[in-house]
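To start, the structure itself, in structure tokens.
A short reminder: the numbers here are calculations on the coordinates, not readings from a lab. Not measured: the values here are computed from a predicted model. Using ideal geometry, Cβ is built from the backbone for each residue, glycine included, and neighbour counts are taken over all protein chains shown.
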Amino acid sequence: MMKKKAVIVFSGGQDSTTCLIHALPLYDEVHCITFDYGQRHHAEIETAQRLAKHLGATVHKVLDASLLNELAISSLTRDNIPVPTVNSSGESLPSTFVPGRNILFLTLASIYAYQVKAESVITGVCETDFSGYPDCRDEFVKALNKALELGMEYKLRLETPLMWLNKAETWALADYHGQLDLIREQTLTCYNGIMGSGCGNCDACNLRMKGLNQYLESRSETLNSLKDKLALK
């Protein structure tokens, strides 16, 4: 029997780490791919390396995607562009949007999946609670999935287990797998590169903390909602 294999686009943040925790019991092999694109904080890569090892990923690779840094102007790729504070920007797209990032990352992860004969590429993008990034939408993922299958002539699923979960339900998923404390304390989501609860002032920290507070206020109800959405037993 062929082994079930998945590839995860893995940053060491809350969402991708929750995806890894969720995928591990579902696949025989889970390969984590972290991209070094000259992001603002190298601690993201170090966090991903530590978590992939700790959680027992089959393989963890850090791939050079530094070309993205040359092309994509964002506060996550340029130190001289300040990270926006909570609700500080009225722009349609925040300065933290890295144009083309998910297009590139999912394409490269899919090429890797082709080589190792993985059936799925998993990403933690979400349309329910997100910062307005166009490359986190379900419509985008489905379109890219079709293009990748056509371009490689290979049956592949781009899986988005968090797509229709709000942040409280994402916390619930970590709790369901017994890893709530690990996600709270050891992941790096903060745009300012601070582990755990982060700086508390950027959009990423605000979304993360707001979701956690909502989850803790209605823990049992949110867990039940999550189980219904994902058909968990």
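Some observations on this one:
- Peptides 32-38, 2-8, ordered by how many other C-beta atoms sit within 10 Å of their residues on average, highest first, read 32-38, 2-8.
- Centre-to-centre, using Cα atoms only, region 1-29 and region 171-214 are separated by 19 Å.
- Exposed loop sites here mean GluC sites (Glu not before Pro) with a DSSP loop assignment and at most 14 other beta-carbon atoms within 10 Å; the chain contains its longest site-free run at 1-90.
- Calculated mean residue ellipticity, 222 nm, the chain: -13500 deg cm²/dmol, from DSSP H runs (n ≥ 4) at -39500 (n - 2.57) each, averaged per residue and rounded to 500.
- Test item: Cα-centred dipole of the chain, Lys/Arg +1 and Asp/Glu -1 on Cβ, debye: 480 debye
- Paramagnetic reach from Ala43 (point 7 Å along Cα→Cβ, amide N under 12 Å) across region 191-211: 191-200
- Positive dipole terminus of region 11-53, leading residue within Val30, Gln49, Cys19 (C-beta point charges): Gln49
- Partners for Lys61 among aspartates and glutamates (Cα-Cα distance below 13 Å; same-chain residues under 8 apart left out): Asp36, Glu46
- Working from label points 7 Å from Cα in the Cα-to-Cβ sense, the Glu217 to Leu67 distance is 4.7 nm.
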